[in-house]
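S.K.: I'd like to ask you about the structure that follows.
The values are calculated or read from the model by the stated rules, or taken from the named source; none is laboratory data. Predicted model, so just to flag it, every value in this text is computed and none were measured. Here the Cβ is made from the backbone with ideal geometry for all residues, glycine too, and neighbour counts use every protein chain on show. For accessibility, only protein heavy atoms count, side chains too; no ligands or nucleic acids. Shrake-Rupley method; radii C 1.70, N 1.55, O 1.52, S 1.80 Å.
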Number of protein chains: 4
Amino acid sequence: MSSQDQTTPPPTRADYPHTSAIPTRWKDNDVYGHVNNIEYYGFFDTVINAYLIREGGLDIHGGEVIGLCAESHCRYAAALAFPDTVDACLRVGRLGGSSVTYELALFRAGDAAAVATGWFVHVFVDRQTRRPVAAMPPRLRTALQALQESPS
Amino acid sequence: MSSQDQTTPPPTRADYPHTSAIPTRWKDNDVYGHVNNIEYYGFFDTVINAYLIREGGLDIHGGEVIGLCAESHCRYAAALAFPDTVDACLRVGRLGGSSVTYELALFRAGDAAAVATGWFVHVFVDRQTRRPVAAMPPRLRTALQALQESPS
Amino acid sequence: MSSQDQTTPPPTRADYPHTSAIPTRWKDNDVYGHVNNIEYYGFFDTVINAYLIREGGLDIHGGEVIGLCAESHCRYAAALAFPDTVDACLRVGRLGGSSVTYELALFRAGDAAAVATGWFVHVFVDRQTRRPVAAMPPRLRTALQALQESPS
Amino acid sequence: MSSQDQTTPPPTRADYPHTSAIPTRWKDNDVYGHVNNIEYYGFFDTVINAYLIREGGLDIHGGEVIGLCAESHCRYAAALAFPDTVDACLRVGRLGGSSVTYELALFRAGDAAAVATGWFVHVFVDRQTRRPVAAMPPRLRTALQALQESPS
């Protein structure tokens, strides 16, 4: 799957149908003065779940179906530092019956080149049993399908 | 100092000369489904330091003078939950020669009542010795003085 | 309440009936090379809740009564840095019908002087309504009473 | 590179020459009641850097050579939840002139099956220029070589 990040040419914002601007926080910076590598995954998790809640009907507090992370990956190309704002860009790669692979890129606000690219797999499971559902809810699927189309 | 939070009437955004909108992140929510109490201090740290960097000339990477937290406090009145955006509101209470006490309030975007109030003390120290400086840099002081004035 | 931190003589581990050793993590360090101020509250939350789960019967996943933070405070005396281990020391100050004020001190492993002291108020509420319960569960109360006694 | 996690049979602690026990913290749990996916990368970063500091002479505060994350990956097999302790197990896969690929597995204390496996690439760079060094310091290389050997 890592070949997904090795596509050429390099990604641009136009390759992603959904973007969310996330301001960095003081604590994102680590001892080396830049945003720590683990925070990038937090940006992934945030842009994905905010989209699922707002567009896909995901109810994180009481819904029967929730999305759990099964695998994730990030390649770091450049640094971010507080107080930068990061544009977190999202599209859907593979869309299965109960799982989805998101593809993501992060850009510093105003910059053309991505600081990082990655992917993230959600498996949709029953909240109680934590077993994959037979099929994800229709509204969720529709929202994810909308991210398969190029915005251009 | 805690009497600062017990002022009546309850705080409004108009009581604070500086506000920054901070979107919550997925990981801010804890097991109880709301933003964890420690993240509120992260909002404090973020609105304070972004202001110092942008308005006060604070150079967090190489400047000779840095601000260290000597004391902090928060009173929680209501809950926030991802994907809420929080308005982090800032003013300066006491301004000393080498230290400052900030007063803060957090509001959920769109709400009139604060979800939390708190205060936070910065002592400005020499980066190498970590001892308080005799006087904070003039540009920093000017920026802090601007937060002592009511915005109305 | 802040007079609680101003007691003399300075606190020692022997003043606290419960201690938990918490290794720092890479990401605790911020841009200034020491553990960020907000992480101290994470140490508080961790020693408190681990104790409530293990000794007080707190069921964070499904129990009817949960503890929410109503107020917290920390005074910072010295720095910690990854990979230090911190001894998080806990006792109970005021124990009410539905709330408790914890008093805490943090020590670097091997050091006699505390790096920080603080307090933290839990209000025990009904999980659904988030309203304070009339009385905390007996097992929880017994566990908290055990932290009112000096260990010596 | 992802084939590294697909080795059969499943990993055991004996496959890793270095292990560090990391207690979970209250804030590791997310809204779904288990340790959030991004914290797993924090465990990776912690076991790696603690080893480099203690065994490899890494000076994170002032050393000329520092390690930056170029790529990371995690596959999640099962859940952890506070207050579990996690055993973070580390070995070295590929060791280059200025970079290293670590292979990691996380186990809940007392369990035989891993909850997650992953890998993490460090590039060693000059602290000022952030450009890869020609060769990593000898003491660091020796420490990393020691993690290439199976502990059995």
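S.K.: Could you list, in sequence order, the residues of region D:45-75 that are under 30 Å from A:C69 (Cα atoms) and basic (K, R)? Reasoning before the result, please.
M.R.: Going residue by residue through region D:45-75, those that are under 30 Å from A:C69 (Cα atoms) are D:45-52, D:67-75.
Of everything in region D:45-75, just one residue is under 30 Å from A:C69 (Cα atoms) and basic (K, R), namely D:R75.
S.K.: Something else about it: Would you point out which residue out of D:I53, D:I66, D:I22 is touching a helix residue (DSSP H, G or I) at 6+ places or on another chain (Cβ under 6 Å) and within 23 Å of C:V35 (Cα to Cα)? Reasoning before the result, please.
M.R.: Details: D:I53 fails: touching a helix residue (DSSP H, G or I) at 6+ places or on another chain (Cβ under 6 Å); D:I66 fails: touching a helix residue (DSSP H, G or I) at 6+ places or on another chain (Cβ under 6 Å).
The match here is D:I22.
S.K.: When you go through D:I22, D:I48 one by one, which is the residue that is within 14 Å of the chain's Cα centre (by Cα) and more than 30 Å from D:V133 (Cα to Cα)? First the steps, then the outcome.
M.R.: Numbers: D:I48 fails: more than 30 Å from D:V133 (Cα to Cα).
Residue meeting the stated conditions: D:I22.
S.K.: Still on this structure, please answer the following. I'm trying to understand the selection: among the residues of region C:99-152, which are of a type in the set (S, T, Y) and in a strand (DSSP E or B)? Lay out the reasoning, then the answer.
M.R.: If we filter region C:99-152 for residues that are of a type in the set (S, T, Y), which is where we start, we get C:99, C:101-102, C:117, C:129, C:142, C:150, C:152.
Within region C:99-152, C:S99, C:T101, C:Y102, C:T117 qualify.
S.K.: Within region B:105-127, can you find the residues that are closer than 15 Å to B:A78 by Cα and buried (at least 21 other Cβ atoms within 10 Å of the Cβ)?
M.R.: Once the filter is applied, which keeps residues that are closer than 15 Å to B:A78 by Cα and buried (at least 21 other Cβ atoms within 10 Å of the Cβ), region B:105-127 yields B:A105, B:L106, B:F107, B:A114, B:A116, B:T117, B:G118.
S.K.: Considering only region C:101-127, state which residues are more than 19 Å from C:H18 (Cβ to Cβ) and within 10 Å of another protein chain (Cβ to nearest Cβ).
M.R.: C:V123, C:V125, C:R127
S.K.: Please work out which residue is nearest to the other protein chains (Cβ to nearest Cβ), limiting yourself to region C:1-29 and to residues that are touching a Phe, Trp or Tyr at 6+ places or on another chain (Cβ under 8 Å) and either at pLDDT below 95 or on the phi > 0 side of the Ramachandran plot (or both).
M.R.: Selected residue: C:M1.
S.K.: Within the group A:A79, A:A14, which residue is hydrophobic (A, V, I, L, M, F, W, C) and in a helix (DSSP H, G or I)?
M.R.: Working: A:A79 fails: in a helix (DSSP H, G or I).
Only one candidate qualifies: A:A14.
S.K.: For region B:67-90, name all the residues that are open to solvent by 10 Å² or more (accessible area, probe 1.4 Å) and farther than 30 Å from B:A135 by Cβ.
M.R.: B:R75, B:Y76, B:A77, B:A78, B:A79, B:A81, B:P83, B:D84, B:T85, B:D87 - these are the residues of region B:67-90 that are open to solvent by 10 Å² or more (accessible area, probe 1.4 Å) and farther than 30 Å from B:A135 by Cβ.
Matching residues to (1) more than 15 Å from the chain's Cα centre (by Cα); (2) under 21 Å from B:I22 (Cβ atoms):
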| residue | (1), (2) |
| --- | --- |
| B:C69 | no, yes |
| B:H73 | no, yes |
| B:P83 | yes, yes |
| B:S99 | no, no |
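S.K.: On to the next question. With the structure loaded, tell me whether B:T85 is in contact with a Phe, Trp or Tyr (Cβ under 9 Å, 6 or more places away or on another chain), touching a residue at least 40 places away in the same chain (Cβ under 8 Å) and among the β-branched types (V, I, T) or whether it fails that test.
M.R.: Numbers: in contact with a Phe, Trp or Tyr (Cβ under 9 Å, 6 or more places away or on another chain): no; touching a residue at least 40 places away in the same chain (Cβ under 8 Å): yes; among the β-branched types (V, I, T): yes.
Against the criterion (in contact with a Phe, Trp or Tyr (Cβ under 9 Å, 6 or more places away or on another chain), touching a residue at least 40 places away in the same chain (Cβ under 8 Å) and among the β-branched types (V, I, T)), B:T85 does not qualify.
S.K.: I would also like to ask the following. Open to solvent by 10 Å² or more (accessible area, probe 1.4 Å) and within 14 Å of chain B (Cβ to nearest Cβ): does that describe C:G93? It would help to see each step written out before you state the result.
M.R.: Numbers: open to solvent by 10 Å² or more (accessible area, probe 1.4 Å): yes; within 14 Å of chain B (Cβ to nearest Cβ): no.
Taking the combined requirement at face value, the residue does not satisfy it.
S.K.: Quick check, is A:Y32 in a loop (DSSP other than H, G, I, E, B), within 14 Å of chain D (Cβ to nearest Cβ) and either at negative phi or surrounded by fewer than 20 Cβ atoms within 10 Å (Cβ to Cβ) (or both)? Show your work before the answer.
M.R.: Numbers: in a loop (DSSP other than H, G, I, E, B): yes; within 14 Å of chain D (Cβ to nearest Cβ): yes; either at negative phi or surrounded by fewer than 20 Cβ atoms within 10 Å (Cβ to Cβ) (or both): yes.
Answer is yes for this residue.
S.K.: Here's a follow-up. For region A:133-152, name all the residues that are under 30 Å from C:H61 (Cα atoms) and open to solvent by 70 Å² or more (accessible area, probe 1.4 Å).
M.R.: A:A134, A:P138, A:R139
S.K.: Please work out if B:D87 is of a type outside the set (F, W, Y) and either within 9 Å of chain C (Cβ to nearest Cβ) or in a loop (DSSP other than H, G, I, E, B) (or both). Quick ask: steps written out before the conclusion?
M.R.: On the way: of a type outside the set (F, W, Y): yes; either within 9 Å of chain C (Cβ to nearest Cβ) or in a loop (DSSP other than H, G, I, E, B) (or both): no.
When the stated conditions are applied, B:D87 does not pass them.
S.K.: Which residues, counting only those in region C:43-66, are open to solvent by less than 10 Å² (accessible area, probe 1.4 Å) and either of a type outside the set (V, I, T) or away from chain B (no Cβ under 14 Å) (or both)?
M.R.: C:F43, C:F44, C:D45, C:N49, C:L52, C:G56
S.K.: Out of curiosity, is B:A79 more than 13 Å from chain C (Cβ to nearest Cβ) and either of a type outside the set (D, E) or at positive phi (or both)? Walk me through how you get there before you give the answer.
M.R.: Values: more than 13 Å from chain C (Cβ to nearest Cβ): no; either of a type outside the set (D, E) or at positive phi (or both): yes.
The answer is no for B:A79.
S.K.: Additional query: Of the residues C:R141, C:R131, only one is under 17 Å from the mean Cα position of the chain (by Cα), on the phi < 0 side of the Ramachandran plot and not β-branched (V, I, T); which?
M.R.: On the way: C:R131 fails: under 17 Å from the mean Cα position of the chain (by Cα).
After ruling out the rest, the residue left standing is C:R141.
S.K.: Can you say whether D:I38 is at the interface with chain A (Cβ under 8 Å from one of its Cβ atoms), outside any strand (DSSP E or B) and of a type in the set (V, I, T), as far as the supplied structure shows? Spell out the reasoning first.
M.R.: On the way: at the interface with chain A (Cβ under 8 Å from one of its Cβ atoms): yes; outside any strand (DSSP E or B): yes; of a type in the set (V, I, T): yes.
Criteria met by D:I38.
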